[in-house]
Amino acid sequence: MATKPAPKWRTIPGTDGAYSVSDAGDVRSNARRVSLNYPGVANRARVVPERILAAHFIKGSKAVTIGGKTVMVRRLVAAAFVRNPDPAINTRVAHIDGNADNCSAVNLQWLPPLTPGAETRARGVNAARAVLDDTKVKAILRKCTRKTNPVTQSAVAAEYGVSVGTVNAIVTGRTWGHVTGIVRGA
């Protein structure tokens, strides 16, 4: 059984060595001494232990908070480990496998900015965890919108193993409009 190589760590610029990022997509607070400059406290310091920062998600992207500022993990990893062939043009970091949770350096690439209206992530049957396909979406729409004896959205959601919100998004045209022909807002 092959063991995973130890991650490589690099200091994040602008943090005075307080934070590092790994090629595996982790961000850590480095061990350091911090001066306590409170009124009435003279020459006191405390040791901040090394720890991996807990990531949270903002609009589907993995992020951490460093010094009170939220930073996208993919940008930190790419800046430290991924070669950018043309920094003047390539200003966007993308996940090669489309999985925003996978911020390892081998899964990131620098790309030019998206043009307005360009698709930013896999949708429909191309999404990584797709449960529905075009045929199922059409059946969901028929069941929920038939004139006589329509089925409730919650019953349809249970039948297809999706959330009520997903069914509602199909019926209202927020998603799968390319299949249903529903134009949102029309």
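The values are calculated or read from the model by the stated rules, or taken from the named source; none is laboratory data. Keep in mind the model is a prediction, meaning the values are calculated, not measured. Positions of Cβ are generated from backbone atoms using ideal geometry, with glycine treated the same way; all protein chains shown enter the neighbour counts.
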Requested in this report: Would you please name the residue that is farthest from the chain's Cα centre (by Cα), looking only at residues in region 6-50 that are in a loop (DSSP other than H, G, I, E, B) and among the hydroxyl-bearing types (Ser, Thr, Tyr)?
Outcome: Tyr38
Report task. Determine whether Val151 is surrounded by 12 or more Cβ atoms within 10 Å (Cβ to Cβ), without any contact (Cβ under 8 Å) to a residue 12 or more places away in the chain and farther than 28 Å from Asp97 by Cβ. Result -> yes
Report summary line: For Arg83, the lone unmet condition from (1) in a loop (DSSP other than H, G, I, E, B); (2) at pLDDT 90 or above; (3) surrounded by 14 or more Cβ atoms within 10 Å (Cβ to Cβ) is (3)
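Any idea which of Gly117, Gly98 is assigned to a loop (DSSP other than H, G, I, E, B), surrounded by 13 or more Cβ atoms within 10 Å (Cβ to Cβ), among the small types (Gly, Ala, Ser) and at pLDDT below 85? First the steps, then the outcome.
Values: Gly117 fails: surrounded by 13 or more Cβ atoms within 10 Å (Cβ to Cβ).
The unique qualifying residue is Gly98.
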Report summary line: Here the residues within region 44-65 that are of a type in the set (Gly, Ala, Ser) and surrounded by fewer than 13 Cβ atoms within 10 Å (Cβ to Cβ) are Ala45, Ala54, Gly60
Query - All positions within region 51-61 that are closer than 22 Å to Ala94 by Cβ and either part of a loop (DSSP other than H, G, I, E, B) or over 14 Å from the mean Cα position of the chain (by Cα) (or both) - result: Ala55, Lys59, Gly60
Query raised in the report: Residues in region 163-170: is at least one in a loop (DSSP other than H, G, I, E, B) and either out of contact with any strand residue (DSSP E or B) (no Cβ under 7 Å at 6 or more places or on another chain) or aliphatic (A, V, I, L, M) (or both)?
Result: yes
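Considering each of Val64, Val77, Val93, Val71 in turn, give the residue that is without any contact (Cβ under 8 Å) to a residue 60 or more places away in the chain and not in a strand (DSSP E or B).
Details: Val64 fails: not in a strand (DSSP E or B); Val93 fails: not in a strand (DSSP E or B); Val71 fails: not in a strand (DSSP E or B).
That would be Val77, the only listed residue that is without any contact (Cβ under 8 Å) to a residue 60 or more places away in the chain and not in a strand (DSSP E or B).
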